[in-house]
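Here the structure is laid out as structure tokens; the discussion comes afterwards.
Read-outs throughout are calculated quantities, based only on the coordinates presented, and are distinct from any laboratory measurement. Owing to the predicted nature of the structure, the values given are computational and were not obtained by experimental measurement. Cβ: placed from backbone, ideal geometry, glycine included. Neighbour counts: every protein chain shown.
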Amino acid sequence: MHPTKKIRQTDSVAFLGPKGTFSYECATQVFGDAEYVPCQSIAKVLETVQTNKADYGIVPFENSTFGTVLQTLDFFVNTKHANDSDQPHGFVILDQHYLTVHHNLLGQDTELDRIERVYSHPEALGQCSKWLDKHLPKANRVPVGSTAQAAEKAKQDRTAAGISSIACADIFGLHVIEKDIENLANNTTRFFVIGKKVRQPTKNDGTLVMFTLNHDQPGSLCDALAIMKDHGINLTKIDSRPSGKGLWHYMFFMQFDGHMNDDKVKLAMKSFKPKVLDFMIMGSYKKQLQ
Ligand SMILES: O=C(O)C(=O)C[C@]1(C(=O)O)C=C[C@@H](O)C=C1
């Protein structure tokens, strides 16, 4: 059983809606019976947990084909510090879940020639770019809030199609024009489970932190990363996004092995923090096989 399934049945889970999205599929795999709260955007999912309107939230973090989900990172960047806390105001990452993602072209009309536009979430359009280039090179690619919103749009327009989960064909009463149109057959999205409380260490965990740096000081990133090496902590992913603090100024995201409450990690963070600015621990989660 997945560790997160220990929740009470009355707990509520915010997800990128409506029902039929991959976020919904992931949420039901993780939480089973729960009260589900559909949200219009990834930012709204996080805000819903932040403002206590749901106990948990599910957000996509990265995809094996198209990379990091920028909408999620950018919400993290804008998260405010709560007093002097190392943790962002209102939520922590407490678990993760991998979902195999198969995309399908859905529409009212099954003739490819008549499709003038294709709706989907920007991540899904990216994950299906090769199929679209080959089979629908002239169709406009229109980004919408989620893959299920794409199916909703396709239901309103005979000359459009949506890239969505297979479940959306039944939910919205659409034909499956083409199945499995993702660039890579093993297309997988990694989701974070967001909540209020950090989980206990399991001896096989990962942690995500974010920070900025003094960009004028040569070697400041190198000096910070050297601390992790010195403490024998393995780094597993680094991202950067505009920090919002000025032109060409960045927020760095660093993922590494270990739990924020492990003594080894605590010691490393004590030395790491003075080397960086705006440091925040986003959370720790059990590492899993995909
Ligand atoms: O639109 C959806 O179905 C979502 O749940 C969002 C999302 C994403 O943002 O990555 C989730 C999984 C897939 O990678 C495609 C889209």
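Scaled to the globular estimate 2.2 N^0.38 Å, the Cα spread of the range 186-249, given as radius of gyration, is 1.45. Taking 20 °C and 1.002 mPa s as conditions, the range 120-237 diffuses translationally at an estimated 116 µm²/s according to Stokes-Einstein applied to its Kirkwood radius (Cα pairs).
Given only helices, namely DSSP H runs of n ≥ 4 each adding -39500 (n - 2.57), what is the per-residue ellipticity at 222 nm of the chain, to the nearest 500 deg cm²/dmol? Don't jump to the answer; show the numbers that get you there.
On the way: 9 runs with 76 residues, N = 290.
After summing the helix terms and dividing by residue count, I get -7000 deg cm²/dmol.
For the residues Lys245, Lys53, Lys130, a GNM of the chain with alpha-carbon springs under 10 Å puts the largest fluctuation on Lys245.
Stretching the chain fully between Arg114 and Ser129 yields a gain of 3.5 nm (0.36 nm per residue, less the alpha carbon separation). What residues from the range 157-199 fall in the zone where the backbone N is under 20 Å from a label point 7 Å along the Cα-to-C-beta line of Ser41? Residues 192, 194 qualify, since their backbone N sits under 20 Å from the label point.
Quick one: compute a quarter of the convex hull surface over the Cα atoms of the range 26-145 and quote it in nm². It would help to have the intermediate numbers written out before the result.
Details: hull surface 36.9 nm².
Averaged projected hull area, Cα only: 9.2 nm².
When the alpha carbon gyration tensor of the range 93-174 is reduced to an equivalent ellipsoid, the three semi-axes, largest first, read 22, 15, 11 Å. Take the Cβ atoms of Asn52 and Asn78, set R0 to 22 Å, and the FRET efficiency comes out at 0.70.
For the range 205-286, dividing the convex hull volume of the Cα atoms by the residue count gives 83 Å³ per residue. The C-alpha atoms of the chain define a longest principal axis, and helix 220-230 lies at about 80 degrees to it. Could you tell me which of the pairs Lys155/Lys286; Lys138/Lys237; Lys19/Lys197; Lys134/Lys287; Lys153/Lys286 are separated by over 28 angstrom between their Cα atoms in the structure shown? Violating the 28 Å limit, Cα to Cα: Lys155/Lys286; Lys138/Lys237; Lys134/Lys287; Lys153/Lys286.
Taken over the chain, the percentage of Cα pairs per 10 Å bin, counting from 0 up to the bin with the maximum distance, is 6, 27, 31, 22, 11, 3, 0.
A simple rule links phi to the HN-Hα coupling: the Karplus curve 6.51 cos²θ - 1.76 cosθ + 1.60 with θ = phi - 60°, which for the range 16-28 gives 6, x, x, 3, x, 6, 5, 4, 5, 4, 5, 4, 6 Hz, with x for Gly and Pro. The P(r) of the range 10-69 has a tail past 16 Å containing 39 percent of all C-alpha pairs. Here the chain is treated with +1 on each Lys and Arg Cβ and -1 on each Asp and Glu Cβ, and its dipole about the Cα centre works out to around 440 debye.
Backbone phi angles across the range 111-121, fed through the Karplus curve with coefficients 6.51, -1.76 and 1.60 (θ = phi - 60°), yield HN-Hα couplings of 7, 4, 4, 8, 8, 9, 8, 10, 8, 5, 5 Hz in residue order; Gly and Pro are listed as x. For the chain, the relative contact order comes to 21 percent (Cα pairs under 8 Å, sequence separation of at least 6). In terms of surrounding Cβ atoms within a 10 Å radius of their Cβ, Leu132, Leu184 rank from fewest to most as Leu184, Leu132. Of the beta bridges in the chain, as assigned by DSSP with both residues counted there, near 75 percent are antiparallel. Taking the C-alpha atoms only, the angle from helix 263-272 to the longest principal axis of the chain is near 80 degrees.
Between Rg and the Kirkwood Rh of the range 151-209, both from Cα atoms, what is the Rg to Rh ratio? Intermediate results must be reported in sequence, preceding the final value.
On the way: Rg = 18.4 Å, Rh = 15.3 Å.
Reported Rg/Rh (Cα atoms, Kirkwood Rh): 1.20.
Could you sort the peptides 265-273, 98-106 by per-residue average Cβ neighbour count (10 Å cutoff), highest mean leading?
Working: 265-273: 16.8, 98-106: 21.2.
Going by the mean number of other Cβ atoms within 10 Å, highest first, we get 98-106, 265-273.
Across the range 123-128, computed HN-Hα scalar couplings (Karplus, 6.51 cos²θ - 1.76 cosθ + 1.60, θ = phi - 60°) run 5, 5, 4, x, 6, 10 Hz from first to last residue, x flagging Gly and Pro.
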